[in-house]
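Every read-out reported here was derived from the displayed coordinates using simple, explicitly stated rules and does not represent laboratory data. None of the values given here were measured: they were computed from a predicted structure. Neighbour counts are summed over all protein chains in view; Cβ atoms, including those assigned to glycine, are modelled from backbone coordinates with ideal geometry.
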Amino acid sequence: MRYIGLLLLVFVFTSNQATAQDWLIERSEWGSTDSLIESNRHTISYITIHHGGEIFDDDKNVYSYLKNLQSWSRSARGWMDVPYHYIIDRKGNIFEGRPLDYRGDTNTSYDPTGHALIVLLGNFEEQELRDEQIESMKTVTEYLADWKSVPASKIKTHKDYAETLCPGKKLSEYLFTKEWKQFLGKLEAEN
């Protein structure tokens, strides 16, 4: 009987992992190269939402953008990789950024150790938030909250930790809506 229970547990775990891959564009697909630093390892306890902070046109080549971001992060900032763990483009595509086991980076003063960093491309001080991005943000957030046991109270934004406009007023406004609060309530009930 224990053997059957163990098989069911393995099946459920692997099913959840496989489901996650259905929506994720992996690092290898956008041309990432690895440069991992063992001292940057961490364990996820928080989920933090960002915006890219620059105007991002809908027709911009995201693959080239990510390769350039990775190159800039390493050469100009001295970081090991792109700063974020998940990157959501204007069409709602979700790209794998820095491996989740490695601490992200930030241009501000907060320590991102323990934070899973999700960024929505665009400048939401100026650009409109797209429905596709909202749905993808929910997908990643729900996945991470479930997988890493992050309570809804630890799902916040960049400006909750540092003096910044990030994630921009339009994304911030959405995160105060009844819809988002109900989403967080659902996550809290499930965990």
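Relative to the longest principal axis of the Cα atoms of the chain, the long axis of helix 2-23 lies at roughly 20 degrees.
Of A162, A116, A76, the residue with the greatest mean-square motion in the GNM of the chain, using alpha carbon springs below 10 Å, is A76. With respect to the chain, whose longest principal axis is taken over its alpha-carbon atoms, helix 178-190 is tilted by about 30°.
In this calculation the C-beta distance from T108 to K148 is compared with R0 = 25 Å, giving a FRET efficiency of 0.65. Electrostatic tally near Y84: other residues with Cβ closer than 11 Å to its Cβ, Lys and Arg +1, Asp and Glu -1, net -2.
Calculated mean residue ellipticity at 222 nm for the chain: -12500 deg cm²/dmol, from DSSP H runs with n ≥ 4 weighted as -39500 (n - 2.57), summed, divided by the residue count and rounded to 500.
With each label modelled as a point 7 angstrom along the Cα→C-beta vector, the S28-K91 pair spans 2.2 nm.
For segment 155-187, backbone nitrogen atoms closer than 18 Å to the point 7 Å from R77 Cα along Cα-to-C-beta are found at 157-168. Over the chain, with a Gaussian network built from C-alpha contacts below 10 Å, which listed residue (R77, R90, R103) shows the highest mean-square fluctuation? Of the options given, R77 has the highest mean-square fluctuation.
Once the mean of 1/r is taken over each pair of separate Cα atoms and inverted, segment 46-156 shows a Kirkwood hydrodynamic radius of 14.3 Å. Compared with the dominant principal axis of the Cα atoms in the chain, helix 62-75 is inclined by about 80°. Mind scanning K148/K186; K91/K159; K138/K178 and naming the pairs with a C-alpha gap bigger than 19 Å? As for pairs spanning more than 19 Å Cα to Cα, those are K91/K159.
Rounded to 0.05, the FRET efficiency of the Y63 and E135 pair, given R0 = 25 Å and the Cβ-Cβ distance, is 0.70. Across all Cα pairs in the chain, the calculated P(r) in 5 Å bins from zero up to the longest distance comes to 1, 8, 15, 20, 22, 16, 9, 5, 2, 1, 1, 0 percent per bin.
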